[in-house]
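In what follows, a structure is listed as structure tokens, so that the remarks can point back to it.
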Amino acid sequence: MLDTNVVLDCLHFADPAARPIVLALEAGRIECRVTSATLDELHRALGYPALRIDAATQATIEARYRVLAQCVEAACGATLPRCRDADDQKFLELAAAGAAVLVSKDRALLKLARRRGLGFRILSPAQAAAVLADAAPTPASARTASAAPPR
């Protein structure tokens, strides 16, 4: 799961720190789940006047994200801590429902990462990129795998 700021970093600002996340999504190495509530938040954020994103670019970003993400309806039965920002609670619920990783730049959410027993991890984009780098096949193993004869 990606919070809205990370989605913007990935798909609008082309933040180099978020690039490994985009590449992993495009390659199908990781999945991203969204809900109608998280998509609504992205839609609102893309329209913020301070971002100065024209309507065509907003539509392109939303369409690209919908291709990269799977829309689900999160049903979280877990007792979760309350996030200081009520707008971020939906990301906690989504991550808990999928026992997944939440990638966020939000300080309040990252502070919750230290809590035990959440049932999921909260990582910064840099931490997520490091996990993806550790999980990526090495060039030598990729060559070996591709050189194997077909069966």
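The values are calculated or read from the model by the stated rules, or taken from the named source; none is laboratory data. Note that this is a predicted model, so its numbers are computed, not measured. Counting neighbours? That spans all protein chains shown, and the Cβs are built from the backbone with ideal geometry, glycine included.
Here are the numbers for the structure shown:
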| quantity | calculated |
| --- | --- |
| The listed residue being over 19 Å from Leu123 (Cα atoms) and surrounded by fewer than 21 Cβ atoms within 10 Å (Cβ to Cβ), out of Arg19, Arg29, Arg52, Arg33 | Arg52 |
| Search result, residues across segment 83-114 that are of a type in the set (D, E, K, R) and under 15 Å from Cys71 (Cα atoms) | Lys90, Glu93 |
| Selection within segment 1-59 - closer than 28 Å to Ala130 by Cα and hydroxyl-bearing (Ser, Thr, Tyr) | Thr4, Thr35, Thr38 |
| Near pairs, Cβ below 7 angstrom, 6+ apart or cross-chain, from segment 37-58 (of a type in the set (Gly, Ala, Ser)) to any residue that is at pLDDT below 95 | Ala37/Lys90 |
| Yes/no for Leu132 being at pLDDT 85 or above and either out of contact with any helix residue (DSSP H, G or I) (no Cβ under 7 Å at 6 or more places or on another chain) or assigned to a helix (DSSP H, G or I) (or both) | yes |
